[in-house]
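Okay, so here's the structure we're looking at.
The values are calculated or read from the model by the stated rules, or taken from the named source; none is laboratory data. All values reported here derive from a predicted model rather than from experimental measurement. Cβ: placed from backbone, ideal geometry, glycine included. Neighbour counts: every protein chain shown. Note: accessible area is taken over every heavy atom of the protein model, side chains too, but ligands, DNA and RNA are not part of it. Shrake-Rupley method; radii C 1.70, N 1.55, O 1.52, S 1.80 Å.
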Amino acid sequence: MNATRRAFLGATAALPFLHVPARAQARPGYLRYGLSAFPPNLLPWESTGASAGTVKTLIGRSLVGYDKTGTLAGEIASSWGLDPDGAWVFKLRQDVVFHNGEKLTAEDVRWTIDQIAGERSTAYMRSQFQTLARVETPDPYTVRLVTKERLATLPSWFANYNMSIAWHKSDPKAPVGCGPFRLVGQERGTSVILEASPNYFKPGLPKLKGITFIAYPDENLRNAALRSGDLDMIEYVPWQAMAAVEADPRLRLDEVQGAAFMDVLFNGTRPPFNDARVRRAVAHAVKREDIVQAAFFGRGRPLEGVPIIPGTPYYDEQLAHGWNYDPARARALLADAGYARGFSTKILATAQFGMHKDTAEIVQQYLAAIGIQGELMLPDWSTRVSLGTRGQYDIAIHGVAADNNDPDGLTVVMDTSLAPTHGRSFGLKTPRTTEAFARGRAEFDQSRRIEIYKDLQRAALEEVPLVGLAWRSQGFGMDRGVTGFTNMPGALSTSSGSQLEVTAFG
Amino acid sequence: MSFLVRRILASLLLVWIVASIVFLAIHLVPGDPAELLLSAGGAAPDPVTVAELRDRLGLNLPLRTQYGHFLGGLLHGDLGTSLVDDYPVLDEIALRLPRTLELIVAATIIALAVALPTGTWAALHKGSAFDRIAAATAGLVLAVPVFVVGTLMVLALAQTLHLMPAGGYVPLAKAPGQHLLLLAMPAIAIAGGLSAVLFRMTRAAVLDVAGRDFVRTAWAKGLSPARVQIRHVLRNALSPVLTVLGLHMGALLGGTVLVEYVFNWPGLSTPLLAAVDARDYPMVVGIVLVTSTLFLVINLVMDLLYAVLDPRIGVS
Amino acid sequence: MKRLAVPAGLVGVIVLLAIAAPWLGLPDPVRQDVGHRLAHPDAGNLLGRDEFGRDVLSRLIWGARTSLAVAFSSAAIAGFLGTFLGLLGGWFRGAGALLALGSADIILCFPPVLLALLVVTLLGPGALTLVLVLSVLFLPGFARVTYAEVLAVRGLDYVEAAQAMGATTARILFRTVLPNVAGPILVQLSLAVAAAVVLESGLTFLGLGVVPPSPSWGLMIRGARTTMEQAPLLLLWPCAALTATILSINLLCDALRDAADPRKTVTLSSRS
C-alpha cells in the first residue's frame, strides 16, 4: 500500500502489540474494565467511537476537560478567558510533562492545532479549528486563539476526547501524550493495557496502577463477566440487566439519565416528508412510553420535544412536550397536508442494534395507527450509515448523543444546513433552527443565550429537523470495591472515561 | 501422484476464484470504510475528512487497479494491511487462526470421544433402551441452536453458579489450567451438535458393516467378540464417519462465528465479522482466502485418509 | 411404508398448523400491547406475551409459517437446481461435470456465515434473501449426491437398454435415471429442510434473517435471549418448536432413507 497511508495509519501498529490475555487475572491496583467495542485505532484526533474515546482520554489530555459535575475545568490550561480584542487566551500549567519526559509548552498546542486543522487532516474537530484566524504563542505558556467571528463555545472544543495535545516533535505515526496512563500493550480486537504514568501533572494521580481493557462486544457476556467477577467494571450495562446489577450486593450501578436519545430523521428532498406538517404528524403519532419500556426496560424517559436535558437552564417544561402523543392531532395534520388517507413509506433502521430495531418496530405500529403504512428496512449498520448519508430513505430511526450538555452540542444532530451524514435529516430546510444555533454560538450573555435557545426550541417544534422519541440512560456497573468513579451527567456520560484517573480500589 | 498434482492445481484455481468473488462482492456491498471508521459510535463525520481518508486509503483508485494491487501482493505472499489500523492481515490471521483451529480440534475430540462409543454401542444393541435414549438425545442436541446453548451455559455456569469464567481467552503458556477451562465451554457448545451428527453416522456405519460378509466370516472363524467389534467392525465403519467429519470440519471453519461471539473466544471469526462490518476489504478477503485454502487442504487430507483407511479403496 | 406413516404424520401436523394459522382464531401476531409486555400465560394468551406484549402462541404458529416456508422453499430450489446440475454433470461428464461440480465447490469454500453476510448486505435482509442464501448453500450437496448416484446408475443394464431402444437423452435422464437416484436426493432434501430451520434462527440472531414485525422462530429466540432473565419461558417456546420440528423431520428423513434404499432396509432399520 502507499506510503502516506502507512505513515498516517501506522500509529497503532507502531505501538507495542503484545500478546496479552483476553481475560485478565485480578492483580492488586489494576482495574479490569469491559469495553463494549474494541477501539478501531487510538489515533488521538480521529473520531473512532466512545470506547476508543475512553482509552484515548487516559493516554492524552487537552487544555480543558469536564469535571465530574460536567462543568468545564482546567487540565493543561490553568485559566482561560477572552481578551479585550475578543480572542480566547489560555494560560498553561508549567508542570505538564509528556510521557517521554519532555515539558509541554505552547508550541505543542500550536503544533497539535496545526495537525488538526491541516489541509489533509482527518480529525474530528477539523472544520471547527479551520475557522480560526490564527494561533499565537506570545510566551511558552500562553496560547492566544484569534477567531474570525465571536465564538462563545470555543473552550468546549478542547474538552472533546478527540482533542488531546501531543508533543510537537512526535512521530506522526505515534503521537506522544501527557495523560495519566501510558499504553503498554494491546492485542488487536481483544484488549488494551495501560500503566500509570509516573510523571502525570496532577499530583497523586492516577490512583490505579494500571487498567486492562477487554472488549466484550456481546452485551450478555459483558454483563455475565461483571456478575461472575471476571471484571471489576463494565461500560454500557445492558438495560435489561440494570435491575439485577442493582440488586447484587457485591455490585454497584452508576446510571445517568439523558445520556443519549433515540430520534426519527427525515428525507426532506421529496414528498411527503418535505412537508413540515407531515413531520409534525409523525411527532405527535408515537407514544414514547412504549419505547422506554420495550427498548430500554424503563431505563429512560419519553422525549416529546427538542432534546434539551431537563434541569439545565435551557429546559422549558412546556416546550419540552411540544410534540406530545396526540394521534387525533397527528391525523389532522396529515389531512391538512393532503394525506387524509395516509400513505405508504419505508422506515430505515438497523437490525444490528436491538434498541434501533425495537424502536423502529414501535414507531411502525404507531405510524400505522394514523394511516402511515411503514415497511421496515433493517440492513446491517454499515449499510444503514451508507444509505443515511446518501439520503436513500424516507424516514430513519437513529440513536445519538449530543457533543456536550450545552444546547450548542445539538448542532451536530439538528443543524440541517451542515453536510449530509447518516446522523442528521437529509436535505431538509430548517432555516430558523439553523439561524438560532448561529446566534447562540455568538452570544456570550447567559440570559440572552437562554432566550435564544428557547427560540430555537420553538422554531424546531415547527420545522421538525428531527423527532425526539426517548431519552435512554447509560450505566456503568462495577464492583463495590471500585471507588472514586463518577458517571458524568447527560451527554457527557460517554466522556466519563476521564474519571478513571481518580478511580481506585477501596 | 499426477492425481495429487491435479487436485492441488484445481484447488489453487478454486481459491483464486473464491478470493476474486469475495473481492468483488465486498467492494460492491454498500458502505464506505472511511466513512464507517469516522462514524464509529454514531458520530457524524465531516464529509471533507471522509474524502481525505478515502484518498489516503487508496479507495479512490479504480477497482481494477485495486484488484491488481491485491493480486500483486498475493503473488508475494502479502495479503495487505487493515484499512482500520494498518495492521498486517497475515499477522492477524497467524495470531487467530490457531485459536479457531484449537477450538475446532478440541470440539472434534470431545465429539468423537462421545459419539464413537455411544454410536457403536447403540448399533450393537439396536432397539435397546440405550439406543432409543441416545438417538432421542442426539435429535434434541441437534435442534437447539448453538448460540442458545452457549448463552444458557454462560448464564448457568458463569453468571449464576460462578463455576466457570464468562468466556475469554488466556494463552496456554501463561496459565494452562485457565486456558483449558476457557476452551472447555465453547468447545463443548460446538461438540454438542457435532457429536449428534457423528453419533448417527457411527451408528449407521457400524450397522452397515456388521451385516457384511467379512464380519460374518470373522464371527464364523470364532474370533472373540471384542476383537470382531473393534478390529473388523469399527475399523471399517470409521471411513464414512471420517468423511462426514471432514465435511463438518470444513463447515466449522466458518461456522464457529456464533460460538466465538457468545464466548468472546478471540479466534478468526470475530475479526471476520468485524471486518465485514467495517468494510475492511483486505481483512475480509485475506481471511476468506486463508479459510477456503484450509478447507480445501482438509478435504484433500480427508480424501487421502479415506483411501488409507478403507481397505476396499486401498486395494483397488 | 408403515414406518413412514408416523414421522410423515408428525411433519404433516406441523405443516398443517402453519398453513391453517389464519383460520385458528389466533390473536394478531404483530399487534403490540407494551403495557402488558412479558405477561405470564393466561386464558387469553396461553403462552403469555413477548417483550412487545404480543401473543406468543400466535407468533409461534405464524412464525412456523415463515420459518417453514423459508426452509421448504430453499430446500426445494436447491434440490431442483442441484439435482439438475448433478444429472447433467453425471450424464455428460467432461466439461459439464467440471462446471457443475466446480461451481458447487466454490460455494463449499465459503464460510456459510460470510456468504450470508455478503448476500444479505448486497440484497438487504428479508425472507426472500434468506431463501436465496440457503438455496445457494444447499445446492452443492444436491449436485454432489446426484452426480455420484448418476455415475453409479448410468452403466447399469436398464439404462443401457433404454439407450439401445433409442430413447431420447431427456427421456432417459428423467424417466429412467432420475427415479433410480431419487432416494438419496429425498434424504438430502429432508436434511436440508432441517438445517434450514436451524440456520434461519442463527442468521436472524445476527440480524441477517427475517425482517420484523413478521414473526419467525429465529426472531423470537433473538428477542427472548435479551429477556432471558425476566422471562425464561419466552426462550423455551421457540426452541421447543424448533426441536420438535427438527426431530420430526429427522425421523422422516431416516424413514425415507430406509424406504429409498432396499439394501439398507435389511441391515439399517434405523430409528435414530
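Name the long-range amide H neighbours of A:F485: under 5 Å, sequence gap of 5 or more, or other chain; modelled H, no Pro or chain starts.
Those qualifying (amide H under 5 Å, at least 5 residues apart or on another chain) are A:A504.
Among the chymotrypsin sites (Phe, Trp or Tyr not before Pro) within segment A:399-506, which fall in a DSSP loop and have no more than 12 other Cβ atoms within 10 Å of their own Cβ?
Passing sites in segment A:399-506 are A:F444.
Pop out the carbon and sulfur fraction of the accessible area of segment A:60-157 as a percent, whole number, probe 1.4 Å.
So the carbon and sulfur contribution to the accessible surface is 48 percent.
Where in segment B:102-146 does accessible area fall by at least 50 Å² between the isolated chain and the complete protein assembly, at a 1.4 Å probe radius?
Listed by number, the residues meeting the 50 Å² cut-off are B:A143, B:P145.
Given A:K91/A:K454; A:K56/A:K287; A:K202/A:K454; A:K91/A:K207; A:K357/B:K174, which pairs have Cα atoms separated by over 32 Å?
Beyond 32 Å: A:K91/A:K454; A:K56/A:K287; A:K202/A:K454; A:K357/B:K174.
Charges on Cβ only, +1 for Lys and Arg, -1 for Asp and Glu, centred on the Cα centroid of the protein assembly as shown; of A:Q499, C:L60, A:A259, which one is farthest towards the dipole's positive end?
C:L60
Using +1 on the beta carbon of Lys and Arg, -1 on that of Asp and Glu, and nothing else charged, what's the dipole of segment A:203-274 about the Cα centre, debye to 20?
180 debye
In segment B:189-205, what residues drop by 40 Å² or more in accessible surface going from the chain by itself to the full protein assembly, probe 1.4 Å?
B:R200, B:R203
Return the lysines within reach of B:K126: Cα separation strictly under 18 angstrom, same-chain partners fewer than 8 residues apart disregarded; answer none if there are no such residues.
C:K264
For segment B:65-203, which whole percent of the accessible surface, found with a 1.4 angstrom probe, sits on carbon and sulfur atoms?
In segment B:65-203, the share of accessible area belonging to carbon and sulfur is 76 percent.
Report the C-B buried area as the accessible area lost on both sides summed, probe 1.4 Å, in Å² to the nearest 100.
Result for this pair: about 3800 Å² buried.
In debye to the nearest 20, how big a dipole does chain A give about its Cα centre with +1 on each Lys and Arg Cβ and -1 on each Asp and Glu Cβ?
Using only the charged Cβ atoms, the result is roughly 640 debye.
Please list, ordered by chain and number, the residues whose modelled amide H lies under 5 Å from the amide H of B:L57; skip anything fewer than 5 residues away on the same chain.
Residues meeting the criterion, in which the H sits 1.01 Å from N, do not exist here.
Tell me the angle of helix C:56-92 to the major Cα principal axis of chain C, expressed in degrees between 0 and 90 and rounded to the nearest ten.
Taking Cα atoms only, the helix is inclined about 10 degrees.
How much of the DSSP bridge set in the protein assembly as shown is antiparallel, in percent, rounded to the nearest 5?
75 percent
Determine the dipole magnitude for the protein assembly as shown: charges of +1 sit on the beta-carbon of Lys and Arg, -1 on that of Asp and Glu, nothing else is charged, the reference point is the Cα centre, and the result goes in debye to the nearest 20.
Computed charge dipole of the protein assembly as shown: roughly 2960 debye.
Taking amide hydrogens as modeled 1.01 Å from N in the peptide plane, which residues meet the under 5 Å criterion relative to A:L92, leaving out close sequence neighbours?
A:S78, A:T142, A:V143
Rounded to the nearest percent, how much of the accessible area of segment A:259-472 (1.4 Å probe, protein heavy atoms only) is carbon and sulfur?
The value for segment A:259-472 is 50 percent carbon and sulfur by accessible area.
Report the calculated FRET efficiency for A:R480 and A:L205 (r = Cβ-Cβ distance, R0 = 22 Å), to the nearest 0.05.
Efficiency at R0 = 22 Å is approximately 0.50.
Using 7 Å Cα-to-Cβ label points, what is the A:D326/A:K429 separation (nm, one decimal)?
Here the modelled spin labels are 2.6 nm apart.
I'd like the residues of segment B:161-183 whose 1.4 Å-probe accessible area shrinks by no less than 50 Å² going from the isolated chain to the full set of protein chains.
B:A166
I'd like the interface area for chains B and A: accessible area of each alone minus the complex, both sides summed, 1.4 Å probe, protein heavy atoms only. What is it in Å² to the nearest 100?
Looking at B and A, the buried total is near 5100 Å².
Quick check on the protein assembly as shown: helices-only [θ] at 222 nm, where DSSP H runs of length 4 and up contribute -39,500 (n - 2.57) each and the sum goes over total residues. Nearest 500, please.
Taken over the protein assembly as shown, the calculation gives -17000 deg cm²/dmol.
Would you please state which residues of segment A:189-208 a label at A:K103 would reach in this model, taking the label point 7 Å out along Cα→Cβ and a backbone N cut-off of under 18 Å?
A:199-203
Using the heavy atoms of the protein chains and a 1.4 angstrom probe, tell me the accessible area per residue for chain C in square angstrom.
41 Å²
How about segment A:269-375: which GluC sites (Glu not before Pro) there lie in a loop by DSSP and see at most 13 other Cβ atoms within 10 Å?
Passing both the DSSP loop test and the Cβ count: A:E317.
Classify chain B as rounded, prolate or oblate, taking a ≥ b ≥ c as the square roots of the eigenvalues of its Cα gyration tensor: rounded when a/c is under 1.5, otherwise prolate if a/b is larger than b/c and oblate if not.
It is oblate, given that a/c is not under 1.5 and a/b is not larger than b/c.
Just the number, please: percent antiparallel of the DSSP beta bridges in chain A, rounded to the nearest 5.
Taking every DSSP beta bridge within chain A, about 75 percent pair in antiparallel fashion.
Quick one: net charge around A:K346, please, counting Lys, Arg +1 and Asp, Glu -1 for every other residue with C-beta under 13 Å from its C-beta.
Summing Lys and Arg as +1 and Asp and Glu as -1 gives 0.
Whenever you get a sec, line up C:V120, B:V144 from highest to lowest accessible area (probe 1.4 Å, protein heavy atoms).
Listed by decreasing accessible area, they come as B:V144, C:V120.
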